[in-house]
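All of the numbers you see were taken from the coordinates with simple rules; none came from a lab. It should be emphasised that the depicted structure is a prediction, and the values quoted were computed from it without experimental measurement. Counting neighbours? That spans all protein chains shown, and the Cβs are built from the backbone with ideal geometry, glycine included.
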Amino acid sequence: MRWTEQSLSSLTTTDGFRLRGESMTRIEVFSDAAFAFAVTMLVISLSTIPHNYHELITAIQKIPSFAASFAVMMLIWITHRRWSQRFGLDDGVSTFLTLALIFVVLVYVYPLKLIMDLMFYAFSQRWFPSDFQVSNTTEVAVLVAIFSVGYCLIALIQLGLYHRATSKADDLCLNKLEQLLIRKELLVWGVQAILALVVVFIALVFMSSLGYLAGLVYSLTSVLIPLVTLPTRRKIRAYLADPSSDNS
């Protein structure tokens, strides 16, 4: 669909974007079902219903890692839902990227749960249980690398989705603010993809020594994203203060 300013004027605006995709497409329904199935896989991984007091306490101790895994899955779902609402694209490339995201998520769900189990197990001094057993730090480094490959692929797919929106700027009739906001999203996902690659590199290269600590690189996210997006955020503020100015 080719939008015009007149047809866009009646749309709801959220976070600077006019929501072109509030009506769900079949691929969005499918992606929602796939994410629901991924969460079901997380629930199944909690094992069976407790049959005694000890099993009940063990099940309760597993809740934090499940909650963390669930939160990550929901963040991925929300980011894709937000993209769909903003642009409403249903072309071949967008469909392919969405299907790729679903595929990665369904494969990614178990490495995600395992890494969360081990993280809570280690940080709690073994109070939180972990059904996944590792015999040395090399195996932990490999698990971190596998997890980070999945995270990198998700970030790259998100980059692809926003690049697709940029390539459809004329059809979507993107205004200056929306283009700046897309640029910010590209930077955010670019930083996350690069960090994930760095984690994979460190985990595999230093596998037998400090590779298991590679995940600490993700702590740089809270510093790098504000730093990298600072110029774009300044342009956004300048545009909001004076829409007639040229902030390119």
Worksheet item: If each residue's Cβ is checked for other Cβ atoms within 10 Å, how do 69, 130, 7, 135 rank with the fewest at the top?
Response: 135, 7, 130, 69
Worksheet item: By the gyration tensor of its Cα atoms, with a ≥ b ≥ c the square roots of the eigenvalues, what is the shape of the range 1-143: rounded for a/c under 1.5, prolate for a/b over b/c, or oblate?
Response: prolate
Discussion item. For the chain, what is the number of Lys pairs with C-alpha distance below 26 angstrom, counting only pairs 8 or more positions apart or on separate chains?
Written reply: 7
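Work out how much length residue 242 to residue 227 would gain on full extension: take 0.36 nm times their residue separation and subtract the Cα-Cα distance, in nm to one decimal.
On the way: separation 15, 0.36 × 15 = 5.40 nm, distance 2.35 nm.
Here the segment from residue 242 to residue 227 would lengthen by 3.0 nm.
For the range 144-248, just say rounded, prolate or oblate: build the C-alpha gyration tensor, square-root its eigenvalues into a ≥ b ≥ c, call rounded for a/c under 1.5, and beyond that prolate if a/b exceeds b/c, oblate if not. List each step's numbers first, then the result.
Working: a/c = 5.19, a/b = 2.12, b/c = 2.45.
Taking the square roots of the gyration eigenvalues as a ≥ b ≥ c, the range 144-248 is oblate.
What is the gain in length, in nm to one decimal, between residue 125 and residue 12 on full extension, counting 0.36 nm per residue of separation less the C-alpha to C-alpha distance? Walk me through the numbers before you get to the answer.
Details: separation 113, 0.36 × 113 = 40.68 nm, distance 4.92 nm.
Length difference between fully extended and current span is 35.8 nm.
Taking a temperature of 37 °C and a viscosity of 0.692 mPa s, what whole-number D in µm²/s does Stokes-Einstein yield for the chain with Rh from Kirkwood over alpha carbon pairs?
Values: Rh = 20.1 Å.
It comes out at roughly 163 µm²/s.
Please sort through the DSSP H helices of the chain and keep those with an alpha-carbon extent of at least 30 Å along the long axis and a Kyte-Doolittle average not below -0.5. Walk me through the numbers before you get to the answer.
Numbers: long enough: 63-87 (36 Å, 0.50); 92-123 (44 Å, 1.87); 137-167 (44 Å, 1.29); 176-205 (43 Å, 1.66).
Once both thresholds are applied, what remains is 63-87, 92-123, 137-167, 176-205.
Just to confirm the filter: which trypsin sites (Lys or Arg not before Pro) across the range 1-57 are DSSP coil and have at most 15 other Cβ within 10 angstrom of their Cβ? Mind showing how you got there, number by number?
Details: sites: 2, 18, 20, 26; in loops: 2, 20.
For trypsin sites (Lys or Arg not before Pro) across the range 1-57 that sit outside H, G, I, E and B with at most 15 neighbouring Cβ atoms in 10 Å, the list reads 2.
For the residues 163, 54, 80, what sequence is obtained by ranking on other C-beta atoms within 10 Å, fewest first? Don't jump to the answer; show the numbers that get you there.
Details: 163 15, 54 9, 80 23.
So the ranking, lowest neighbour count to highest, is 54, 163, 80.
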Worksheet, complete the sentence: Final fewest-first order of 117, 171 on the 10 Å Cβ neighbour count is 171, 117
Discussion item. Less than 20 Å from a label point 7 Å out along the Cα-to-Cβ axis of residue 107: which backbone N atoms in the range 141-174 qualify, by residue?
Written reply: 141-161
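What is the gain in length, in nm to one decimal, between residue 33 and residue 171 on full extension, counting 0.36 nm per residue of separation less the C-alpha to C-alpha distance? The partial results should precede the final answer.
Numbers: separation 138, 0.36 × 138 = 49.68 nm, distance 2.88 nm.
Fully extending the segment from residue 33 to residue 171 adds 46.8 nm.
Report relative contact order for the chain in percent, whole number only (criteria: Cα-Cα under 8 Å, sequence separation at least 6).
Working: 262 pairs, mean separation 51.8, N = 248.
It comes to 21 percent, rounded to a whole number.
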